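Input: a single structure, listed below in structure tokens.
Just so it is clear, none of the values below were taken in a lab; they were calculated from the coordinates. Everything numeric here is computed off the predicted structure, so don't read it as measured data.
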Amino acid sequence: MDVPLWLAWLARLVVGVLGVKLIRPPWWLIAVLLLGGYLLADSLLAPVINGFLK
């Protein structure tokens, strides 16, 4: 299934905003998750994680 990139980003943004508003996690936890995901994407573990997602 081909989804336009702008639609995928919009869906992620909506889910993120609703998650923050409804669950109300601490801001430091959000920052750690975003930074951790960014760092893992460029690490040696990226191919392993990609294998689990496909």
In whole Hz, the Karplus estimates of ³J(HN,Hα) for the range 35-45 (6.51, -1.76, 1.60; θ = phi - 60°; x where Gly or Pro) are 5, x, x, 5, 6, 5, 5, 10, 10, 5, 7
Dividing the helical contributions, -39500 (n - 2.57) per DSSP H run of n ≥ 4, by the residues of the chain yields a 222 nm value, nearest 500 deg cm²/dmol, of -25000 deg cm²/dmol
Of the labelled options (1) 54; (2) 66; (3) 51, which one gives percent of Cα pairs over 15 Å apart as computed for this structure?
(2)
